[in-house]
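Below is one structure, written out as structure tokens; comments come after it.
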């Protein structure tokens, strides 16, 4: 073959192989980000349920601390992009797993005394892909953590601060 006619073949071969290689590389990086986000969301619901089990039920900082923010930071999570405290759903459950309708009522039968479990969920979290050309979002499944109640911020000394 003529050496002069073969000059552009290497560029074409690299373009084809490079496209496949970079697509695979971006796919592996995105899968790593997806697994990190899923594990971080599992930790968010576990951490938030634990805080809710030991902190006062009227404590507004529980959800801020659950998403790995400082207690006085009211913004989105500093660890997980697009995670806001509004994405978390905190509920208090009775011994049968039914939602306690008025957890703040200290004297009622379906109030504070009925609480046996704390449940925290993250629903409809959208994971944004960074792959060029596939700027779609993947909706992740529901992440749930249920823990038995502990002190709920009450102690013999009075209310405790979380």
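What follows draws every value from the coordinates through simple rules; no lab data is involved. Computed from a predicted structure; not experimentally measured. Because the Cβ atoms are built from the backbone with ideal geometry, glycine has one as well, and the counts that use them run over all protein chains shown.
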With R₀ set to 41 angstrom, the calculated FRET efficiency between the beta-carbons of residue 99 and residue 78, to the nearest 0.05, is 0.85
Whole angstrom only: what separates the Cα centroid of the range 71-113 from the Cα centroid of the range 114-155? 12 Å
How would you classify the range 65-159 from its alpha-carbon gyration tensor, with a ≥ b ≥ c the square roots of the eigenvalues: rounded for a/c under 1.5, else prolate if a/b is greater than b/c, otherwise oblate? prolate
For the chain, shape from the Cα gyration tensor axes a ≥ b ≥ c, cut at a/c of 1.5 then a/b versus b/c, turns out prolate
How many times 2.2 N^0.38 Å is the alpha carbon radius of gyration of the range 23-107? 1.36
To the nearest 0.05, how large is the calculated FRET efficiency for residue 106 and residue 139 if R₀ is 41 Å and r is the Cβ-Cβ distance? 0.60
Nearest 10 degrees is fine. How inclined is helix 9-54 to the longest principal axis of the chain, computing both from alpha carbons? 0 degrees
Computed lengthening from residue 30 to residue 128, 0.36 nm per intervening residue step minus Cα-Cα distance: 34.3 nm
Relative contact order of the range 3-162: what whole-number percent is it, with Cα pairs under 8 angstrom and at least 6 residues apart? 24 percent
